[in-house]
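Where a number appears in this text, it was derived from the coordinates with a stated rule and is not lab data. Every value quoted in this text rests on a predicted model; they were computed, and no experiment measured them. Methodologically, a virtual Cβ is constructed for each residue, glycine included, from the backbone with ideal geometry; neighbour enumeration extends over all protein chains shown.
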Amino acid sequence: MISVIIPTFNEEENIAQCLVSLTHQTIPRNEYEIIVVDGGSTDETCSIAGKYADKVFVQTSKKVGGARNDGIMAARGEIVATTDADCILPPTWIELIKKDFSDERVAQLYGPVYPIEEGIGNKLSLLLANTFSRIGYYSQTFYYTLGCNTAFRKSAFIKAGMYRCIDAGDDLEIALRMKDQGRVVFDGKLKVGFSMRRYEQYGTLKSLYEWVYIVSHGGETQKYSYTQKKYK
């Protein structure tokens, strides 16, 4: 059993395409579960999610990291994967996760992203991000693990202390602790369709500047709105 965790907040325009992509995987549907953890949406997110997901509930922990933690603790699977409500998962996504975790030494797995929206700027932005990720992994200097495309061995994740409940950087910081539990592995074939909507709304340079600022200040902020997703 593999469990897929999706944190949400007012994602009625995006959640259906994400969940539909998860129901069209190359492994049988009874071999994985879909868990949606909602941050108190005021739109139709939960009712839409209920048509596709195995579990839909409101988070009790704080922020997006806490939503992921709540979902993982409710998961039946020993392998848990996380993605975002505005992502699209290729049909082989869960199958690749299952295959990579057949190696008992693997504690965490992650992969690259590609833009859902058209445009050369979006493609270049994520090309740079993926190159940055590969450089970090193959040089063994850092792990650019994104919450939209990562998976854990649940027992190792819990032992490592789970996600920190902060505004930004929780999905990167966790790898620093997971490497003490086993191998942190990058799989270039484990791709996820990533929405560039926030970058298009706020501008790529501004968004990156705010993200770097928040992460460098411990992941907490009252100054910027870009990374402050309104999870509980």
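Other residues with beta-carbon under 12 Å from the beta-carbon of ARG105 carry, at +1 per Lys or Arg and -1 per Asp or Glu, a net charge of 0.
3J(HN,Hα) along segment 73-89: 5, 8, 6, 8, x, 7, 9, 10, 10, 10, 8, 10, 5, 9, 9, 10, 9 Hz, from the Karplus curve 6.51 cos²θ - 1.76 cosθ + 1.60 with θ = phi - 60°, whole Hz, x for Gly and Pro.
Counting only other residues whose beta carbon sits under 12 Å from that of MET1, what net charge do I get with K and R as +1, D and E as -1?
Residues close to MET1 contribute a combined charge of 0.
Neighbours of PHE186, meaning other residues whose beta-carbon lies under 15 angstrom from its beta-carbon, give a summed charge of +3 when Lys and Arg score +1 and Asp and Glu score -1. For ASP38, the amide hydrogen comes within under 5 Å of the amide hydrogens of THR8, PHE57, VAL58, GLN59, counting only partners 5 or more places away or on other chains and with H modelled in the peptide plane. In segment 2-70, a dipole from Cβ-located charges (positive for Lys and Arg, negative for Asp and Glu) runs towards its positive end, and of THR45, HIS24, THR60 it is THR60 whose Cα lies farthest in that direction.
Relative to the current alpha-carbon distance between ARG76 and GLU31, full extension at 0.36 nm per residue lengthens the span by 15.1 nm. Of the trypsin sites (Lys or Arg not before Pro) found in segment 11-93, the ones in coil according to DSSP and having at most 16 other Cβ atoms within 10 Å of their Cβ are LYS51, LYS62, ARG76.
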